[in-house]
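**Student:** Sharing a structure below in structure tokens format, with a few things to ask.
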Amino acid sequence: MNAVTATAPTDAPVEASGNTSPAPAPFTTPVAPGLQWSDALNLAMPFMDQTHIEFVDLLAAVQTAENTELVSRWQALVDHTDAHFGQEDRWMADTGFAPGSCHMTQHAVVLKVLREGLALGQQGQWAPIRQMAHELTVWFPHHAQTMDAGLALHLKSVGYDPATGHISEPEALPALAISGCGGSSCSTSDSSDATATAPETA
Ligand SMILES: [Fe+2]
Ligand SMILES: [Fe+2]
């Protein structure tokens, strides 16, 4: 899957050639939140869902930020995402996923891109952050409904308690380390695809 190509948030100029297709325009001003929490994102795993609710809220705060607050709000989102992904990576490591499984790889790629956006923002370049924020509104539902949903099912199947790390059904742990995503929508072949859905640096 290719990275999301953003469309203009407002009316885009029409090309002089007569082509009426709106040209992509950079995101340069605050926009309405592009993603809101809904039942479609609920994975019935409170620890995971609470983190995802916070992610959606922080992303909305970025999208609605004026330039003066954009970098600090992006910093808050990056810090939260670092903890969010790290938490899920620990859960995977605790329950039989191989290091570098596709879900972990996607986390690493996305976090790297978000940090690149932060570095650009700290240099006064705000458009990349606004572009990435838009792309996250598309990327996150897909990630939650595939990789995170698969992880939630896996954690439930082994009786994993995220608060304590206790596994109540160790007999359900995989005999071989999982290199795919652990969900019905993912397979080991997804690892080569794991970077494809990550937001891109504008
Ligand atoms: Fe997640
Ligand atoms: Fe995840």
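The values are calculated or read from the model by the stated rules, or taken from the named source; none is laboratory data. What you see is a predicted model, and the numbers here were worked out from it, not measured in a lab. Please note: Cβ atoms are built from the backbone with ideal geometry, for glycine as well, and neighbour counts cover all protein chains shown.
**Student:** Here are some conditions: (1) at pLDDT below 95; (2) away from ligand 2 (no atom under 13 Å from the Cβ); (3) assigned to a helix (DSSP H, G or I). Val56 meets all but one. Which one does it not meet?
**Tutor:** For Val56, the exception is condition (1).
**Student:** Can you tell me how many residues in the range 141-173 are in a helix (DSSP H, G or I), surrounded by fewer than 15 Cβ atoms within 10 Å (Cβ to Cβ) and more than 13 Å from ligand 2 (Cβ to nearest atom)?
**Tutor:** Within the range 141-173, the first condition is being in a helix (DSSP H, G or I), and the residues that meet it are 141-157, 170-172.
Imposing the further condition that a residue be surrounded by fewer than 15 Cβ atoms within 10 Å (Cβ to Cβ) reduces the set to 142, 156-157, 170-171.
If we keep only those that are more than 13 Å from ligand 2 (Cβ to nearest atom) too, we end up with 156-157, 170-171.
Adding up the residues that qualify gives 4.
**Student:** If you check Gly86 against the conditions, is it at pLDDT below 95 and assigned to a helix (DSSP H, G or I)?
**Tutor:** It is false that Gly86 is at pLDDT below 95 and assigned to a helix (DSSP H, G or I).
**Student:** Within the range 119-128, identify whether any single residue is surrounded by 16 or more Cβ atoms within 10 Å (Cβ to Cβ), within 16 Å of ligand 2 (Cβ to nearest atom), modelled with pLDDT of 95 or more and part of a helix (DSSP H, G or I), and answer yes or no.
**Tutor:** no
**Student:** Please state which of the following conditions Leu43 fails to meet, knowing it meets all the rest: (1) within 16 Å of ligand 2 (Cβ to nearest atom); (2) not in a loop (DSSP other than H, G, I, E, B).
**Tutor:** Evaluating Leu43 over (1) within 16 Å of ligand 2 (Cβ to nearest atom); (2) not in a loop (DSSP other than H, G, I, E, B) leaves (2) as the failure.
**Student:** What pairs come out if I take residues in the range 134-146 that are small (Gly, Ala, Ser) and pair them with residues that are at pLDDT 95 or above and within 12 Å of ligand 1 (Cβ to nearest atom) whose C-beta lies under 8 Å away, six or more apart or interchain?
**Tutor:** Ala144/Leu41; Ala144/Leu43; Ala144/His52
**Student:** Within the range 159-175, restricting attention to residues that are closer than 22 Å to Thr105 by Cβ and not hydroxyl-bearing (Ser, Thr, Tyr), which residue is modelled with the highest pLDDT? Talk me through it step by step, then tell me what you get.
**Tutor:** Keep residues of the range 159-175 that are closer than 22 Å to Thr105 by Cβ, which gives 160, 162, 173-174.
Now restrict to residues that are not hydroxyl-bearing (Ser, Thr, Tyr): 162, 173-174.
Details: Pro162: 89, Leu173: 83, Pro174: 77.
Restricting to residues being closer than 22 Å to Thr105 by Cβ and not hydroxyl-bearing (Ser, Thr, Tyr), the top hit is Pro162.
**Student:** Follow-up question, since we're still on this one. Determine the pairs where a residue that is without any contact (Cβ under 8 Å) to a residue 40 or more places away in the chain and aromatic (Phe, Trp, Tyr), located within the range 75-100, has a partner that is in a helix (DSSP H, G or I) and within 15 Å of ligand 1 (Cβ to nearest atom) with Cβ atoms under 8 Å apart, the partner being 6 or more residues away or on another chain.
**Tutor:** Final answer for the pair search is Phe85/His107; Phe85/Ala108; Phe85/Val110; Phe85/Leu111.
**Student:** How many residues does the range 59-107 contain that are within 16 Å of ligand 2 (Cβ to nearest atom), surrounded by fewer than 16 Cβ atoms within 10 Å (Cβ to Cβ) and under 14 Å from the mean Cα position of the chain (by Cα)?
**Tutor:** 4
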